[in-house]
Amino acid sequence: MEIVSTKHEDKLVLGFNGQLDTGTAPKVEIEVNKYLENNQKVIFNLEATTFVSSAGLRVFLGTAKKLKASGGLFRICNANDVVQEILDISGFSQILDIKGNLEEALMDF
């Protein structure tokens, strides 16, 4: 799992290339937590993420909780059909701020 970070003004965009599953989620969580130390507006761009397991969903939820506790904001964007279905079935699309693309995610954030 490769993590690609880019900045858009005061917003940090993290892209995940590959599968976010039980094998990759622990490393991803450690890396994401490093980014959270200095960023309050974080977007997970799932454009290159092919699959998300329950371990990956825990990374999303943990990130959202940490940012909310510190007054930050969290969004997800560009989920493919498979990942979007996982977000919908798990109920995460109801509790997380999910946008269709990066441009939407960056607006009014």
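So the values come out like this:
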read-out: Amide H partners (placed H, <5 Å) of Thr50, local residues excluded; value: Gly18, Gln19, Leu20
read-out: With DNA, RNA and ligands ignored, accessible area of Asp108 (1.4 Å probe; Å², nearest 10); value: 150 Å²
read-out: Separation of the Asn80 and Glu37 label points, Cα + 7 Å toward Cβ, nm; value: 3.3 nm
read-out: Accessible area per residue in Å² at 1.4 Å probe, computed on the range 12-109; value: 51 Å²
read-out: The range 44-109-the range 1-37 distance, computed between alpha-carbon centres (Å); value: 12 Å
read-out: Percent RCO, i.e. relative contact order, over the range 1-66, from Cα pairs under 8 Å lying at least 6 residues apart; value: 39 percent
read-out: With at most 10 other Cβ atoms within 10 Å, longest stretch of the chain clear of loop GluC sites (Glu not before Pro) (DSSP); value: 38-109
read-out: With DNA, RNA and ligands ignored, accessible area of Val59 (1.4 Å probe; Å², nearest 10); value: 10 Å²
read-out: Share of carbon and sulfur in the accessible heavy-atom surface of the chain [1.4 Å probe, %]; value: 52 percent
read-out: Per-residue SASA entry for Lys66, accessible area with 1.4 Å probe, Å² rounded to 10; value: 90 Å²
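The values are calculated or read from the model by the stated rules, or taken from the named source; none is laboratory data. Bear in mind the structure is a predicted one, so any value in this text is a computation, not a measurement. Glycine also receives a Cβ, built like all others from the backbone with ideal geometry; neighbour counts cover every protein chain displayed. Just the protein is used for accessible areas: all its heavy atoms, side chains included, with ligands, DNA and RNA removed. Shrake-Rupley method; radii C 1.70, N 1.55, O 1.52, S 1.80 Å.
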